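Values quoted throughout were computed directly from the atomic coordinates according to the rules given, and no laboratory measurement underlies them. Here the structure is a predicted model, which means the values were calculated and not measured. When we count neighbours, we look across all protein chains shown, and the Cβ atoms used for this are built from the backbone with ideal geometry, even at glycine.
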Amino acid sequence: MSSLRIHTYTAAESGILVNSHLLETADGVVLVDANLLVSDAMALAARLAALRKPLLAAFVTHPHPDHFNGLPYVVGDDVPVYATVAVAETIAKVAQPKREQWQPVYGEEWPDRYRVPDHPLADGGTVEVGGLQVRVHDLGAGESDADSYVLVETGGRRCAFIGDLAFGDLHSYTADGHSGAWLGTLDRLTAELDGMPLYPGHGQPGDTRLFADQRRYLLMYRETVRRLAAGAPSLTEAQKRELTETMELFVPGAPLAWLVGLGADAVAAELATESGSS
């Protein structure tokens, strides 16, 4: 994609190693996702300023704070912020509760304001900006309550920004409790995005092998939770420790191991519901 340069800013582990992508063209810059913490958002803004080109638009892949928190620090009020309708509506619902939940943990690093995407798009909605054709695809619930991916085309070549649909060599967030639907999405996108570069919200860029790795992780996670929970809708603290140990053996050395226990009860409840309805 000779007319497009992609610059990725990655937070430290304290910021959940989240990626923000700056898409530079001859005409300006397009942002995909905006990071979590104030210091990282300001560093992202500095990276943008160093390009010496105007920010033309921003896109948000899904409604987790590590992807929308930084918007007010990076994106001017006159710059449009795009997302699927479901992503925008979910951010409007969760931004304040997430602040109440996490600001006591992060203190001044948690933003004191937020911005809801103000240009919602239907599934397949397309924007022409900076010489790029940018299309959003609504995927429903999966890793989050409202997943999407952003497809970018220029000069006959395409790449996709897949949010948190695949975590690469990191442990995954499962606390929204849609792991079964997430597996279905991975199956769909393996064919849909075959042959193009994929830029995830965490971890390194890759291809559809990212989806295969994520699928293996989720299957291992679900089966371990299923065994430990034995039909119960939650795990004990001892069971969560065993789950974490098992997943650490499955992906040795992977960062963000604290996420493993965080999602245990949500997946146990999901599996109990699946079992009850079968």
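Restricting to the stretch 69-78, what's the tally of residues that are surrounded by 17 or more Cβ atoms within 10 Å (Cβ to Cβ) and either in a loop (DSSP other than H, G, I, E, B) or in contact with a Ser or Thr (Cβ under 6 Å, 6 or more places away or on another chain) (or both)?
3
A92: closer than 21 Å to V150 by Cα and either in contact with a Ser or Thr (Cβ under 8 Å, 6 or more places away or on another chain) or surrounded by 19 or more Cβ atoms within 10 Å (Cβ to Cβ) (or both), yes or no?
Taking the combined requirement at face value, the residue does not satisfy it.
So, in the stretch 154-202, how many residues would count as being assigned to a helix (DSSP H, G or I) and either of a type outside the set (G, A, S) or surrounded by fewer than 22 Cβ atoms within 10 Å (Cβ to Cβ) (or both)?
Residues in the stretch 154-202 being assigned to a helix (DSSP H, G or I) and either of a type outside the set (G, A, S) or surrounded by fewer than 22 Cβ atoms within 10 Å (Cβ to Cβ) (or both): 13 in total.
Name the one entry in T84, T61, T126 that is touching a strand residue (DSSP E or B) at 6+ places or on another chain (Cβ under 6 Å), of a type in the set (S, T, Y) and under 17 Å from T8 (Cβ atoms).
One residue alone meets the criteria, T61.
Please go through the stretch 248-278 and pick out each residue that is under 24 Å from A141 (Cβ atoms), outside any helix (DSSP H, G or I) and free of Cβ contacts under 8 Å to residues at least 12 places away in the same chain.
S278
Report, by residue number, each residue of the stretch 17-58 that is within 15 Å of the chain's Cα centre (by Cα) and among the acidic types (D, E).
D33
Has the stretch 147-169 got any residue that is β-branched (V, I, T), touching a helix residue (DSSP H, G or I) at 6+ places or on another chain (Cβ under 8 Å) and under 23 Å from P255 (Cα atoms)?
yes
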